[in-house]
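Just so you know, all these numbers are worked out from the coordinates, no wet-lab data involved. Since we're looking at a predicted model, the values are computed, not measured. Neighbour counts run over all protein chains shown; Cβ positions are idealised from the backbone, glycine included.
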Amino acid sequence: MPPITREMLRDYIHEALPDDQQASVEKALRDQPAVQALFNQVRQQEDRGEHSIGAIWRRERLSCPTREQLGGFLLQAIDPDLSDYIEFHLKTIGCPSCTANLEDLAKKQVETDEPKKRHKRIVQSSAGILKNAAGT
Ligand SMILES: [Zn+2]
């Protein structure tokens, strides 16, 4: 019988092994204390992994932020939760398309002197809110 590897044990936990291997891992777990010890290590790792933000991200398949959200992220004009998520998406996940998108947006912002425009937009939108509140 081939030696039981970490990879096999991980697949065993996820029931991803072919039936015959699943059975031989089971047998090894009963008969070999060394395999049991390794199994416990792998299981602990997997438990931790399930709760890591990376695993959650993969599980939930959270999608890429929109270009608008990336723009807001650059200007720090978005919800802190969303900002955290985007930072995680870029730095931890290292999404190549969003990184490219963000670089592109950053370049454009420098070119168009964005802060002035942003200020104007914020003033306009709060004026709109105030008008609506007064009208009702
Ligand atoms: Zn992305």
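Structure values in brief
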{"read-out": "Cα pair distances in region 6-51, grouped into 5 Å bins until the bin that holds the longest one, percent each", "value": "5, 24, 32, 24, 11, 4, 0"}
{"read-out": "Cα centre as origin, Lys/Arg/Asp/Glu Cβ charges: region 6-51 dipole, Debye", "value": "240"}
{"read-out": "Charge context of ARG67, other residues only, Cβ under 13 angstrom, K/R +1, D/E -1", "value": "-2"}
